Amino acid sequence: MRGLVLEGGGARGSYQIGAYKAMRSLGMDFDGVVGTSIGSLNAAFIVQGDVDMIEDIWINHDYSHFINVDEDFYNKYKNINGIAFSITNFVDMLNIIVSNKEIDITPLRELLERTIDEDKIRNSCKDFGFVTVCVDKGLVPCHLYIEDVPEGQLINYLLASCSLPIFKNDKIDEKIYLDGVFSDNIPVELLKQKGYTDIVVVRLVDDIFGKMHLTKYKDLDIKIIVPSENLGGCLNKDYENVSKNMLLGYYDTLKFFEKLQGVKYFFQLDTKFEEKYCFDIFAKLDEKTIESLCKILNIKQDSSMRVLFETIIPKASEMIGLDKDFTYKDLYFRIYEKKLEENNINRINVYNFAKVVDIVNKNIDSGKDIVEKLGTTQTLPINILLKKNKKAKLLVNTFLRGLSKISSEFFV
């Protein structure tokens, strides 16, 4: 059986809907879906079979459909970073609670009452579960399946799974419940207990705590989809943020399942850009280019192929942000991606890499032409680090000039 686990993370949850739509486009289906906090709400709509409905809610319903606060309050706290692993976050959350300004989530309750169909979920033939915490003689973790929830109480328990201390909480049977994030924010255990071994986890933050948590499930076949960039504040329901995160979830997931390629950017799948192709093109770099790279990197050795592969490439890969286990394909893509970053080219888009190579090779020193010929807009903030690091920019341009001399014969 294949199961889906959706992590909690507030308004970042739109990312999971994009990820699920990508998996659905690949023909993937799930026998069980579980989640914590916002992940439990997304899971409910998936099990219910109303993905288009939750997508519409994410895209077309602003913060006022979820929380009852004025605009100034929303703008002040929308970028709060979730559960307080930092002093700043803790102080922000404490101020809300102490000032008696807990956030009213009545609009969310009313929205769920209109859209959640408890009977559909119970009759879906899919396993559905979520996590909350009962404040009763301490914090008691509650890992619940739909069959554990009393009839007619599902919405109450779903809201309990989302109840951060900054929200006004309603009691259930005279007990107060809190957000499941305080117990298990990545509830793989719910599926493991049902006998699932093939599991996909869609995360909302790439933190060390989540990574450590998942290491205990080495006996399961777990595929973990992680956002390739920060998804913003956990209360940020702004249209631009939500729609960006949903699209990012879609592209990250297609790349995870190798339907797109690239390191930081997203490129259409092109079988000619394989490891051997990329190795061969680096192997054809001329002596003058290798000599220039040695000077940039302060390598005092002869300009040989051995120096290129044993010294230059490892140092260059670190400078442009590749992991230690990079491939030559990663390096080739990343060199061209750095040029796109330098010109603030929007990364949340799908490009034709052959076209990128051709345009960049012809316009190494002209950012304006790269932007215009790619037919995209400059929507990324200026890459301050790259602009300050003149050495990295010089390194990339030197590689590009060497690669551009030999690219034409490889595209024949």
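Between the helical axis of 390-410 and the longest alpha-carbon principal axis of the chain there is an angle of about 70 degrees.
Per the Debye formula on identical point scatterers at the alpha carbon atoms of the stretch 191-249, with no solvent, log10 I(q)/I(0) at q = 0.14 Å⁻¹ is -0.51. Taking N as the residue count of the stretch 1-65, its C-alpha radius of gyration divided by 2.2 N^0.38 Å amounts to 1.06.
Using a Gaussian network model of the chain in which every pair of alpha carbons under 10 angstrom is joined by a spring, one finds that among Ser14, Ser366, Ser37 the greatest mean-square fluctuation is at Ser366.
Of the residues Lys76, Lys324, ranked by 1.4 Å probe accessible area with the largest first, the sequence reads Lys324, Lys76. Around the amide H of Asp104, modelled in the peptide plane, lie the amide H atoms of Asn68, Lys168, all under 5 Å away and 5 or more residues distant in sequence or on another chain. Using heavy atoms of the protein chains and a probe of 1.4 Å, the accessible area assigned to Phe130 is about 0 Å². Largest GNM mean-square fluctuation among Asp302, Asp369, Asp117, using the chain with Cα springs under 10 Å: Asp302.
Placing Val69, Val131, Val140 in order of accessible area, with the largest value first and a 1.4 Å probe, yields Val140, Val69, Val131.
Using alpha carbons only, how many degrees (0 to 90, rounded to 10) separate the axis of helix 51-60 from the longest principal axis of the chain? Relative to the chain, helix 51-60 is tipped by roughly 80 degrees. When the accessible area of the chain is computed with all protein chains present and a 1.4 Å probe, what percentage of it is carbon and sulfur? On the chain, the fraction of accessible area on carbon and sulfur atoms equals 50 percent. Here Rg and Dmax of the Cα atoms in Å was calculated from the structure, and among (i) 19.8, 63; (ii) 24.5, 78; (iii) 33.5, 108 it sits at label (ii).
Per-residue SASA remark: Cys234, around 10 Å² accessible (1.4 Å probe; ligands, DNA and RNA not included).
The helix-based estimate of mean residue ellipticity at 222 nm for the chain, built from -39,500 (n - 2.57) per DSSP H run of four or more residues and divided by its residue count, is -13500 deg cm²/dmol to the nearest 500. By the equivalent-ellipsoid construction on the alpha carbon gyration tensor, the stretch 144-298 comes out with semi-axes of 45, 20, 15 Å, ordered largest to smallest. Dipole of the chain computed with +1 at Lys/Arg Cβ and -1 at Asp/Glu Cβ about the Cα centre; of Cys234, Val396, Phe128, farthest Cα towards the positive end is Val396. Projecting label points 7 angstrom from Cα along Cα→Cβ for Met53 and Thr327 puts them 4.2 nm apart.
Computed from point charges on the beta carbon alone (+1 for Lys and Arg, -1 for Asp and Glu), the dipole magnitude for the chain about its Cα centre is near 2040 Debye.
The values are calculated or read from the model by the stated rules, or taken from the named source; none is laboratory data. What you see is a predicted model, and the numbers here were worked out from it, not measured in a lab. Cβ coordinates were reconstructed from backbone atoms using ideal geometry, including for glycine residues, and neighbour counts include every protein chain displayed. These accessible areas exclude ligands, DNA and RNA; they are computed on the full protein's heavy atoms, side chains included. Shrake-Rupley method; radii C 1.70, N 1.55, O 1.52, S 1.80 Å.
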